[in-house]
Structure formats: structure tokens, C-alpha cells
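Novice: My structure is below; once you've seen it, I'll send some questions.
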């Protein structure tokens, strides 16, 4: 037999007569993925294998460095928008293909290399056996997209690895290494990459010769789960409670997946698969899946933007950071952990010690969690070189200035370091509010200068804003983008203005909070309402984490830049806290009080002293303000400022705004981003809501862009 498609080839196995090799090799792409073409050709190839008389066995391989990375998500989104009946038919067709592969009258072995994720892993589960290269990652990440495995993954993995292991793999959506996969029985063998094919062929020949009972294996995979009633109760009820508590009510797919496994547990494969399909279609057509898929696609788009930018990048082999506090230590850790050596400079030995302690603390966590060996920790620390002078700065390619947020100090430090750098080295300021164009006034080579705004804590926050000053060259921006990516971050390029993108839109949100407190709404109630809406922390808690002193300083910068809507009369709640020297978590008291914990973040609790402090600025009782009004009064100023950022061309696309807020502020991913959320409500409704709060000032005034969208019946995202 011979089949030569654009995605799949099926030929006689060279190593042994009577066997076939089914190879995934998608033309014109660096990876294999399940798109419409691949599924069509797999159907045709499996039909040929079914018709082949005397077939002794089939080896599943990849012609690329990865097996299959999963489904083509862009096509998936189109399927999700089709009528339910069409989706059911489509998935049933895929299941028939996988079932027919599983039901061939001969053994099958998957030769798993690189990555086998989602549908790519599900197709390997249909094989009799799986042999995996030691450096391979496998998994079912669908819950991260608001769905769960829909091509037999819940059925086959639970029968191969046990319901408890299948639940952990599916609910977490994580990628798993070879040792973990072998431990639970998700794969049957692990070998070095160089030995993968030979070992897989050996397993196939052994099974065909009767050395392995592949028919018994298939019967186990296609039969019911071997769990009695007590075991079922323990496994499913316990896991639903645990996973449901961890995922929360806004992310229904992990619990839905457990329920599917439970409902299909006492049924055979052909009875269990329709249960999976029906539940999958229901969850895939819901708003959470659409939102999370849009976040995923937005992330892919940002990577394309970054790739386009970084074509002009200069090489960064050695970096440096100025300022060795917690932020500087975090930047040094991030660079070193990604194998880019970095100098860490400060003027004070104590500060150097603090920066090194921060890096050590972060590395210690990796070691304690088993994600890094002590040897690797020492190696990583060795890439961080502390210094009190500019002596070695003539050799660095990129410098991040991370000193105190004071324009005069930053200008002085930037001028000093520029004099020590070689021509072509890029200098960036990690500032959260100060104009990059103004900072560049202190420099002789402003074209090699830009902003690079990291978010705290650096290792956990994915976003880095790359700020283009008036004189920043495309090469400087490209180099900053490339370095941010090399550090494992998601860069978003923005134009210069006060607060740039994220802080510029955050402070109107805080302003909404301050006015609610002034109107007598309890700040703890506001926090609860906004956390229920989906934010990881309410505004009062967030201000404590940011630092009240930092927030008050930034608020003044924003008020000076946008006085028509961000200036205010009288004291705000934050200014009251600042005056009382309640700076938030950094000194243990802000809107809340904080008690240090041996492990994890400080414990937050309500302080009865706060209400009397705020009493003088409160001008109402707040009882008439509903939860919905709290959400509207908090979110509308943020949305309108996001719209102004598009109007002012601070950022190019709604996608970049959506992802910047998700990655930089923790905007609830299940809402898809602020503009996805706005599009769901509709521009007309948002204009009406804004007009309802006109008496609260310019922050609530609809933008020209929003009014134009409302008049035309359009959305921020053109594709809707």
C-alpha cells in the first residue's frame, strides 16, 4: 500500500515486511497539527489500512521534530460557531477515524517525539502501545482553552492510566514529561531520542509475534472502567470538590470533564464516547471557551508581532541591570534563568545583597518544588555578577535601569551608564509612569534608548511593556522585544505617554474605586464584588500590593498628564492611607493589615482602625449602590481609557490591549479581555451606561470611538 498526502504518508515499513508506517508530516509547516486536511487524509489512510489484507502492524511516526502539537485552534473556533448538530457530526466523524485506527486487526505503536498535545496525544492513545523519547512532553491542555479533550481523551486515558490520574492530567491541562507519563501508564516505554524508532519498531514486532497481548490491551481500553461503587464515589466526588474549588465557578470545563469520565465509567468505549461528545459540544459553545480561545489566539498574534519587530534586533549575549532591589533582583533572576548572563549594579553593598537574596529566594523555590537541582541553581546564580562599578559595562549589549521612580535620579543614572557603554548597546528604563521621551533628554544617543516596563513580581508576571520614545530607533525597540522574549516574557510595544498603557488605564479604575468609597460604599464590599466579577484581587487589596506610596505618586503623575479627567479635589482614600503611613503590604498595613506567613504571601485581615480614618472623606452611606453599579462604576473608566489609548495610537490593536490587561493586571481571562467583554455587552449599551454616570465627570464620558461603534452597530474587534 502507498498513500502520499500533504499531511500524511502511509508506506510499507522499511524494517519489516508486512508492516506499515503511518507518518504525520504536514507540508509547509514546521509542526504537525490536526487541521481539516490532516483529519481528511488520516481518514483516507486508515481506510487503506483497514482494506490491506495480511497487515501485521502499523507504526505511527512524525516527519518533524514534534509528533503533533494539537488541533488547529483557528479552525476549532470556526467549528465552535457552527450549529450544534454540525459540531456533533464533525466530532463523531473524528471519533470514527480514531476508533477504526484502534480497531485494526493488528497491533499499532505510536513513536512519540517532541510534543504530543491535545488531539496529538489523543491519537496516540488510540494506538496499542506508545514509546516516548525521554525529552518529549505529552498532555491534554484543553482545559486551558475552556474545553476538555473531545476526541476520546477522557475515555482512553482513564482506562489506560486510571480515573484518578486521568482526572489530574485533564483537569490541570499541564504538559508532562516522560517519567510522569511512564509512571501512570500513559506510555509504555521511554528511551533516548536516538533510540526511539528502533525501540518502537521492536515493540511492534514483539506484539505482532505474540510477545505482547495487544488484543487484551485493546479490550481494556474499549471496555468499562474497573471501579466498584465505593471506589467511584471516592474518586469522582472527591475530585469534583477539589477541582471545582480550585478552578472556581468561572471555569467550568475541568469539573465537566470529571463528570464525563464518571458518566462513562461503567460503559464501553462506543457508549462512553457520545457522552464525551455531547458534553464537549455544550462546553465548547459556551462563552468561557470562546473567551479563552480568543486569549490563546491573541497570544499567538502577539508572538507574530514580536517576531516581526525582532527581525531588526541586535544580539544580546550579556545584559546588565541597574538597581539591585527586589525589582532588580527579579530581572537578574529572570535573565540568568534563561541563560543570559547579567551584571547587577548598585551603589550600596546592602542593596546588592538584597538583589542577590531575591534571586536566591526565587531559585530556592524552584529547588524546593523539584523543578531545579541545587547544581542548576548554583549555575544560574553564577550568571548573575554583582558589581559596585561600571567597570565591565563596556562589554554588555543591553542594560535595564531599575532605580527609584524619580525622574531626576533616573536621568542622572542613565547619563552615567550611557558613558560606560559601547556603541550599539541598548539602554532601557524600567519605569512605570515617567515619559521615555523626557528621560531621553539626558542622553547623547537617544536612538538607543527605550522603555522596558516589567511588572512585579517579575518571575510571575508575563507582560513587559516596551515603550517607544520620540527618538527610539526601530533597532532599539526590536532589541528590547527580542530580549524580553528571550527572558520568557510577552512584550507589547506601546508609544510614549504618562502611564504608557497598563498604568494609564489602571488609574481610572482606581479613580472609580475612590469615588465609590467617597460615596459611602464599604471598600471591603467593593473588593468582594470585583473579585466575584473575576479579578484576582479587589482594588483595595491591589493598592496594598502595589504600595500605597507608589500609587499616590503615580496618581499625581497621571493627574498632571490628564487633568481633565484624572485630577481630583480633596483627599482620596489612598491619600488618607498614605498620610497615616499605611503603605500596604510593604509595612504590614494599608486598607487591610497583613501578618507574615512562613510560606506564601502575608495573611490579610480587616483592620477596625481603617473605617474611622476614612470617615472624614465619606459623603454618603452607599446603601443605594448595587453590585451591578459597583461593577459599572469601576469598569467603565478603565474601558473608556482603553478606547482613548486606541484613539491616541498608544497601542495599535484591541488584541494588544486585551492581552496586556490579562498578562499585566490579571484581567479575568474567562472574559477574553476588556474589549472582548465590551463587545459582548455592545457599544450602544456601553454608551447608555456611560451617560447614566455623566454626573461623575469626564472619566465616564463616552469616547468618539465608542459612540461611532454604537452608531454603526460595530465592535472593537472587527471580527466580533
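The values are calculated or read from the model by the stated rules, or taken from the named source; none is laboratory data. The structure displayed is predicted, hence computed values, not measured ones. Note that we place each Cβ from the backbone using ideal geometry, even for glycine, and neighbour counts take in every protein chain shown.
Novice: Let me spell it out: the conditions are (1) buried (at least 16 other Cβ atoms within 10 Å of the Cβ); (2) over 26 Å from residue 433 (Cβ atoms), and residue 394 meets all of them except one. Which number is the exception?
Specialist: Condition (1) is where residue 394 drops out.
Novice: Give the residues of region 663-701 that are farther than 22 Å from residue 530 by Cβ and surrounded by 22 or more Cβ atoms within 10 Å (Cβ to Cβ), sorted by residue number.
Specialist: Answer for region 663-701, where residues must be farther than 22 Å from residue 530 by Cβ and surrounded by 22 or more Cβ atoms within 10 Å (Cβ to Cβ): just 683.
Novice: Right, here's the next one. Among (1) under 23 Å from residue 242 (Cα atoms); (2) modelled with pLDDT of 95 or more; (3) surrounded by fewer than 24 Cβ atoms within 10 Å (Cβ to Cβ); (4) more than 26 Å from the chain's Cα centre (by Cα), there is one condition residue 180 misses while meeting the rest; what is its number?
Specialist: Among (1) under 23 Å from residue 242 (Cα atoms); (2) modelled with pLDDT of 95 or more; (3) surrounded by fewer than 24 Cβ atoms within 10 Å (Cβ to Cβ); (4) more than 26 Å from the chain's Cα centre (by Cα), residue 180 violates only (4).
Novice: Here's another thing I want to ask about it. Read through the list (1) modelled with pLDDT under 90; (2) surrounded by fewer than 22 Cβ atoms within 10 Å (Cβ to Cβ); (3) in contact with a helix residue (DSSP H, G or I) (Cβ under 8 Å, 6 or more places away or on another chain); (4) outside any helix (DSSP H, G or I), then give the number of the only condition that residue 314 fails.
Specialist: Just one mismatch for residue 314, condition (1).
Novice: Right, residue 276: touching a residue at least 12 places away in the same chain (Cβ under 8 Å) and part of a helix (DSSP H, G or I) or not?
Specialist: When the stated conditions are applied, residue 276 passes them.
Novice: What tally of residues in region 561-579 results from selecting those that are farther than 17 Å from residue 540 by Cβ, part of a helix (DSSP H, G or I) and over 34 Å from the mean Cα position of the chain (by Cα)?
Specialist: 2
Novice: Return the pairs, sorted by first residue and then second, in which the second residue is surrounded by fewer than 22 Cβ atoms within 10 Å (Cβ to Cβ) and modelled with pLDDT of 95 or more, the first residue lies in region 442-457 and is in a helix (DSSP H, G or I), the beta carbons are less than 6 Å apart, and the residues are 6+ apart or on different chains.
Specialist: Hits for this filter: 442/411; 442/415; 446/471; 447/471; 447/473.
Novice: Separate question: Check off (1) assigned to a helix (DSSP H, G or I); (2) at pLDDT 95 or above; (3) surrounded by fewer than 22 Cβ atoms within 10 Å (Cβ to Cβ) for residue 512 and give me the number that stays unchecked.
Specialist: Failing condition for residue 512: (3).
Novice: Next up: Scan region 516-537 for residues that are surrounded by fewer than 20 Cβ atoms within 10 Å (Cβ to Cβ) and either assigned to a helix (DSSP H, G or I) or in contact with a strand residue (DSSP E or B) (Cβ under 6 Å, 6 or more places away or on another chain) (or both) and report the count.
Specialist: Of the residues in that region, 7 qualify.
Novice: Can you tell me which residue in region 216-267 is surrounded by the fewest Cβ atoms within 10 Å (Cβ to Cβ), limited to those that are more than 35 Å from the chain's Cα centre (by Cα) and part of a loop (DSSP other than H, G, I, E, B)?
Specialist: Result: 228.
Novice: A further question follows. So if I check each of 123, 94, 66, which one is surrounded by fewer than 23 Cβ atoms within 10 Å (Cβ to Cβ), modelled with pLDDT of 95 or more and part of a helix (DSSP H, G or I)?
Specialist: Criteria check complete, one pass: 94.
Novice: Hey, another quick one. Looking at this structure, is residue 718 surrounded by fewer than 22 Cβ atoms within 10 Å (Cβ to Cβ) and not assigned by TED's automatic domain parsing to the domain that holds residue 541?
Specialist: So residue 718 passes the test.
Novice: Let me confirm something: among 554, 573, which residue is in the same structural domain as residue 513 (by TED's automatic domain parsing) and modelled with pLDDT under 95?
Specialist: The unique qualifying residue is 554.
Novice: Can you pull out the residues in region 1-38 that are surrounded by fewer than 21 Cβ atoms within 10 Å (Cβ to Cβ) and under 28 Å from the mean Cα position of the chain (by Cα)?
Specialist: 28, 29, 30, 31, 35, 36
Novice: Suppose the filter is under 16 Å from residue 660 (Cα atoms), surrounded by fewer than 23 Cβ atoms within 10 Å (Cβ to Cβ) and either touching a strand residue (DSSP E or B) at 6+ places or on another chain (Cβ under 8 Å) or not assigned by TED's automatic domain parsing to the domain that holds residue 601 (or both); does residue 457 pass it?
Specialist: Yes; evaluated as a whole, the condition is true for this residue.
Novice: Kindly indicate which of 202, 264, 244 is in contact with a helix residue (DSSP H, G or I) (Cβ under 7 Å, 6 or more places away or on another chain) and without any contact (Cβ under 8 Å) to a residue 60 or more places away in the chain.
Specialist: From the options 202, 264, 244, the qualifying one is 244.
Novice: Looking at region 318-350, which of the residues that are in contact with a strand residue (DSSP E or B) (Cβ under 6 Å, 6 or more places away or on another chain) and in a helix (DSSP H, G or I) is farthest from residue 483 (Cα to Cα)?
Specialist: Taking the candidates together, the pick is 328.
Novice: Another question, then. Find the helices (runs of 4 or more DSSP H) located wholly in region 612-698 whose residues include 1 or more that are touching a strand residue (DSSP E or B) at 6+ places or on another chain (Cβ under 6 Å) and within 22 Å of residue 525 (Cβ to Cβ), and list them.
Specialist: Hits in region 612-698: none.
Novice: Would a scan of region 5-12 turn up a residue that is under 23 Å from residue 301 (Cα atoms) and in contact with a helix residue (DSSP H, G or I) (Cβ under 6 Å, 6 or more places away or on another chain)?
Specialist: No, there is no match, as no residue in region 5-12 is under 23 Å from residue 301 (Cα atoms) and in contact with a helix residue (DSSP H, G or I) (Cβ under 6 Å, 6 or more places away or on another chain).
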